[in-house]
Every structure is written in C-alpha cells, then in structure tokens.
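The values are calculated or read from the model by the stated rules, or taken from the named source; none is laboratory data. This is a predicted model, so every value here is computed, not measured. Cβ placement follows ideal geometry from the backbone for every residue including glycine, while neighbour counts extend to all protein chains displayed.
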Amino acid sequence: MIVTRFAPSPTGYLHIGNLRTALFNYLIARKAGGTFILRIDDTDPERSKEEYVDGIKQDLDWLGIHWDKVERQSKRLDRYEEVADQLRSLNRFYECFETPTELDLKRKKLLNMGKPPVYDRSALSLSSEEKDRLRQERDGHWRFLLNQERIEWTDGILGDLSIDAASVSDPVLIRGDGQVLYTLASITDDTDMGVTHVVRGADHVTNTATQIQMIQAIGGKVPAFAHHSLLTGPQGEALSKRLGTLALRDLRDAGMEPMAILSHLARLGSSDPVELGRDFDELIEGFELTKFGSAPTKFDVEDLKPLTAKALQAKPFSEVQEEIAQLGVPADKADTFWKVTRDNIETMHDLKGWWSLIRDGAEPDIADEDAEFVQQAMDLLPKEPFDEQTWSEWTASVKQATGRKGKSLFMPLRKALTGQSHGPDMATLLPLLQNVKR
C-alpha cells in the first residue's frame, strides 16, 4: 500500500509553496487508495506553536485535503534517541565540538582554497580525554558518518540522480542543546510509519542523498523520492520574499476559492494546461508526477482570480445561500440575486457591492453630451415594480422617441442606472433595483 506524508513545521502558517508539497503527496495517496499522514514537525520547542498546528489543520481542511492520521514528532523523542543509540552502536554517529564560529572559519578557508566547504571530520581524531575536556567547556553536537561513495536513485520527477557523498558534509542530527533535527526525526518516522513515497521541493535533493544512507543504516526501506520544481514569483523572483501575501489564510480572506487554488497547483509546472477541476476526483484522476518538469515554476496569485470566478459561476444557490443571507438579501430575492450577479464577480466579496447598488441605488454616471437624452429616457421609465420585460419595452420606447440605437442607446442608460459600464444583463438586473434615481 502507498503511504505518503506531509510534514510541516508549526513555526508559521501554511503558504502556497507548502501546499504544493502537501497536495502532491495527497493526490498520490488518494489515487492509489493509500494513506496520507499529516506529520507535525514540532521538535523545536521554542519556535513551534500550537496556534500554527491548529492553523495548518484549518487550512488543509478548508481546501478539502483530509489526512488519515496525525503524528506529532514531539511525542516521539524517545524513539529518536533509540535510533541515535543504534547509529552510535554502528559507529555511524560521532560527537563534535566546534562552535558555529569555528565551523564558519573552516568553511571560509576551504572556499578561499577553491575547495567545497565540506566538514573535515576532525572530531573523529579526538581522544577520549580530549572529548571529556571539551565537554567541560561546551555542549557537543552529533553528526552522521557518511560512507563516502556515490548515492544513486531514480527520482520520480528528475529521473536518474547521483550524488558523491564525499562532496557533502556529514549532517548534524542532534544539536548541542540536545534538540533532534529534522533529518533524524524524518528518516526514523518514514521507516517506522512505512512511508513509501516522498514528494518534496528540489531544494531537498542533497538531503535525500544523505537520508538514503541513513535509512539503509538503520535497516529501513528507502521510499520512492520525487522532487518538484520550486515556485517563484511571476517575474522569476524568489517566492520567499512574498510569502506574507501567499499564506493560505490570506488567500482565503481575499476570496480565492479552494478548487481554484487546488486546480492551479495540481497542473502548474506540468505538461497539462491549467484548467478548473470540477472536484477532487477529477484532480486525482489526472495527476501524474511524470508530467512535471524540473525548471523553476512561476506562480502569480492573479492567475487564481479567473479560476475563482469560473468556480463561482458553477456554484448552485444552495452552496452560497448562507453567505447571501448574511448580506441582508431578502429570502424571496436571494436566488434571483445570485443568478443575476454570479457571472459578474471575481470573488464572493464582490457580492456586497452589487447588493449595495441594488438596495440603495447608484450614483449615476452621465456624460454631458448624454444628459438631455438620459433625462428624456427617465421620463419614459415606467413606475416600479419592474419585471423582465421592462428593459426591452422601455428601451424600445426610448429608441422611438430619441432615434438612438445600439450602444449609444443602451450604454448611457446602463451607466445612469448602475453607475457602471459593465455588469449583469439589464433585463434581469432592472427588476431587482429597489432605489432607482430618476
């Protein structure tokens, strides 16, 4: 059975880049009838906050991404220590004592010599006496001892990959303060939880190489890895600079529809065109990792707006009835109001403006050259209540009285009644207007 996972750190709210990873793993699991695990990476007690855990769950739930089970890494610290002991017994885990400043100096020296900034493993030559002395001065951190050989795997998106472990520093798995870092927790969980497929960003490729060795060292089965391209801004800029506007809760507050977001991310960067999906089943059926490329993928929040508008146009009244009632639209007019306005909104927020216009009337927009014509037309406008025949009957009488036709007839009347040059069909809008300014 296929098992995937999404492992966010609760140090902030989900953003569009996180969601892409979550969605890919979710779609893979659902397409195979497998299991999707939400695994909260909360091993950092200082930065992890429960409000972010709740926020992550709320955002995923809003989008319809439902997990099969939740795991908390903070509840598995004893298990990580067992694996650390296992690695020590295998002589694959060693204690180091360099300070961040000392490590930085080593890196700079290697770079100045034109060499890759790989840790020199000097801690391996420390005697027991030297280690005891250093422990009196500072806390030690622990590194995994890589076998310096080529690490090869077939990536689900990038194809055949090969990384020379000698070009990579032995990864730190436990900090000097005892905090278990992501890599140790992740390989332990993936092994214990039977994770079969891991999809994540291309910035993790090197991490994957080291994790393959670590999983093998503890006797685990290596998952099938795939690394999707990283998202950039619309001009190719780093998305990280714009995450303040791309948090899922901000997109929700801006009125973006869940299916618009999901449809966009499920196709963006693939060989398939981005189209609005009818439902999750359609997204699942059409999803294939092999359709995605490796090039950085541009994401523009503006692209969500036409998809959101299209999603709203397809919504039946029953799905928006409560929101329309909250605007104050009378129940006997609510269904008609939705049918009249839904093709003229980008988000549900736009309904407020249309209801305001219908309820209170609009400030007429009348060009000087149309003022006399509009006044003549208003004198011919029948008394309320209007019906769906009123517009055609009225404009016919105005045409006969003034000789105007086409756009020069209809546009000034629309702008006089609504203050806008665009909007719903006037034949259907006019019967809703409650305060026409004659």
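In table form, for the structure just shown:
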| read-out | value |
| --- | --- |
| Which numbered condition SER186 fails, given (1) in a strand (DSSP E or B); (2) crowded, with 17+ Cβ neighbours inside 10 Å | (1) |
| Residue in the range 62-80 that is surrounded by the fewest Cβ atoms within 10 Å (Cβ to Cβ), counting only those that are more than 30 Å from ASP281 (Cα to Cα), without any contact (Cβ under 8 Å) to a residue 60 or more places away in the chain and not basic (Lys, Arg) | ASP78 |
| Of all residues making up the range 300-319, the number that are modelled with pLDDT of 95 or more and crowded, with 18+ Cβ neighbours inside 10 Å | 6 |
| From the options GLY220, GLY277, residue that is in a loop (DSSP other than H, G, I, E, B), within 21 Å of LEU307 (Cβ to Cβ) and small (Gly, Ala, Ser) | GLY277 |
| Every residue from the range 7-54 that is in contact with a Pro (Cβ under 8 Å, 6 or more places away or on another chain), among the small types (Gly, Ala, Ser) and surrounded by fewer than 22 Cβ atoms within 10 Å (Cβ to Cβ) | SER48 |
| Some residue of the range 19-40 being assigned to a helix (DSSP H, G or I) and more than 20 Å from GLY194 (Cα to Cα) | yes |
| First in the range 249-260 and closer than 12 Å to GLY64 by Cα, second anywhere and outside any loop (DSSP other than H, G, I, E, B) and among the aromatic types (Phe, Trp, Tyr), Cβ under 7 Å, 6 or more apart | PRO258/TRP62 |
| Out of ASP85, ASP104, ASP59, sole residue that is surrounded by 17 or more Cβ atoms within 10 Å (Cβ to Cβ) and either within 29 Å of the chain's Cα centre (by Cα) or part of a helix (DSSP H, G or I) (or both) | ASP59 |
| Residue list for the range 12-41, filter: at pLDDT 95 or above, of a type in the set (Ser, Thr, Tyr) and over 13 Å from ILE284 (Cβ atoms) | THR21, THR35 |
